[in-house]
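**Student:** Attaching a single structure in structure tokens format; questions to follow.
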Amino acid sequence: MPQNGHDTSKTEPAVLITGATGNLGSKLARELVKNSQNSIFVDQIPHPNLNVRIANLSMPGNWMGLFAGVDVVIHLAGTPKVSSSPDTLKSQNVDCTVNVLEACRMHNVGRIVFASSLRVMDGYRESGRRITEDLPPKPSGDYGRSKLRCEKLLAAHPDVISLRLGWSPRYNVRENVLRAPKRLREVWLSDSDFLQAIELSISAENRGFTALNLTSDVENSRYLLTRARKRIGYKPRDGLNKTQIILSKLSSTLINKTGWSR
């Protein structure tokens, strides 16, 4: 359990989620509510079923006081759009991270769990080599560079787990995933595996700054999960293999040609 100078006799750490109404944030928030986790949800967009504290994290403000007494910040806020403009990436990714980091420093937050991206390593994708976190970061595009900038900022904090997330669509069901382009399929991350990784990251041993590749168990993926398995005990529960993909394509072809479906 991360130590931060707060009451360590608590059985459950106090958790704050930024970006709590987004795709991943809302899924995580609902899970924490279901488990009665001591949690605070922060976003600039309200949610009909969650008690969300409204804040614009790209600017310092009174919202920073919400971090008082928090043990773990799960920083999911930021634009998920790879095609975002450089100005948007700076405001929603980099500036938000600068301010979240400052709020953590002000209130002695122990651990930050950051939603980074495999785009930080995307420059190796065409090389044919297996991609591990031991390789120097090699982002492709402004989005990957913005996430790497955030990682470098967060490295100054004494306890950070940076999850380099794969592709986790809003409607994350197997039928949709199997029909997706190969580039997305090979970095698929199921909701269940995302939630598992967050749960493990909350309670993992402090190793300073740790970056982890994170996908589900996708056959022949270039992104190795060895460090995530070792550092936080990650064991993906969901996976994709070549047979599933071939059968899905055959089924789609049959439906397209005959109009038949179950």
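Here, each number is a calculation from the coordinates, and none is a lab measurement. Computed from a prediction, not measured in an experiment: that's the story for all the values here. Cβ sites come from the backbone with ideal geometry, for glycine too, and all protein chains shown count toward neighbours.
**Student:** Rounded to the nearest 500 deg cm²/dmol, what is the calculated helix-only ellipticity per residue at 222 nm for the chain, with -39500 (n - 2.57) per DSSP H run of length n ≥ 4? It would help to have the intermediate numbers written out before the result.
**Tutor:** Numbers: 9 runs with 87 residues, N = 262.
Roughly -9500 deg cm²/dmol at 222 nm, from the helical runs in the chain.
**Student:** Right, next: Tell me, what is the Rg over Rh of the range 16-62, with Rh the Kirkwood radius over Cα pairs?
**Tutor:** 0.96
**Student:** Which FRET efficiency value, to the nearest 0.05, is calculated for S85 and L153 with the Förster distance at 25 angstrom and r the Cβ-Cβ distance?
**Tutor:** For S85 and L153, the calculated efficiency is 0.80.
**Student:** By what distance, in whole Å, do the Cα atoms of the range 15-258 stretch along each of the three principal axes, largest value first?
**Tutor:** Between the extreme Cα coordinates on each principal axis of the range 15-258 lie 59, 41, 36 Å.
**Student:** Mind checking the dipole of the chain: about its Cα centre, +1 per Lys or Arg Cβ, -1 per Asp or Glu Cβ, Debye to the nearest 20?
**Tutor:** Roughly 1080 debye, rounded to the nearest 20.
**Student:** Taking the Cα-to-Cβ direction at V173 and at N241 and moving 7 Å from each Cα, how far apart do the two end points lie in nm?
**Tutor:** 2.4 nm
**Student:** What whole-number value in cubic angstrom gives the convex hull volume per residue for the C-alpha atoms of the range 5-136?
**Tutor:** Working: hull volume 19.1 nm³, N = 132.
Per-residue hull volume (Cα only) is 145 Å³.
**Student:** Then there is this: Test of understanding: what is the full-extension gain from D217 to N62, defined as 0.36 nm times their sequence separation minus their Cα-Cα distance? Don't jump to the answer; show the numbers that get you there.
**Tutor:** Details: separation 155, 0.36 × 155 = 55.80 nm, distance 4.16 nm.
The D217-N62 span can extend by a further 51.6 nm.
**Student:** Based on the Cβ-Cβ distance of L184 and V33, what FRET efficiency does E = 1/(1 + (r/R0)^6) give at R0 = 35 Å, to the nearest 0.05? Write out the running numbers ahead of the final one.
**Tutor:** Numbers: r = 29 Å, r/R0 = 0.84.
After rounding, the FRET efficiency stands at 0.75.
**Student:** So, one more: Hey, how many Å between the Cα centroid of the range 109-139 and the Cα centroid of the range 41-93?
**Tutor:** 22 Å
**Student:** In addition: Would you list R222, R179 from fewest to most Cβ contacts within 10 Å?
**Tutor:** So the residues, fewest neighbours to most, are R179, R222.
**Student:** A follow-up question, please. Of all beta bridges DSSP finds with both residues in the chain, what is the antiparallel percent, to the nearest 5? Don't skip to the end; give the middle numbers.
**Tutor:** On the way: 1 of 32 bridges.
If we restrict to bridges inside the chain, about 5 percent are antiparallel.
**Student:** Across the chain, how many lysine pairs separated by 8 or more positions, or lying on different chains, have Cα atoms within less than 15 Å?
**Tutor:** 9
**Student:** Still on this structure, I have one more. Taking the mean number of other Cβ atoms within 10 Å as a proxy for protection, how do you rank 165-175, 122-132, 91-101 from highest to lowest?
**Tutor:** 91-101, 165-175, 122-132
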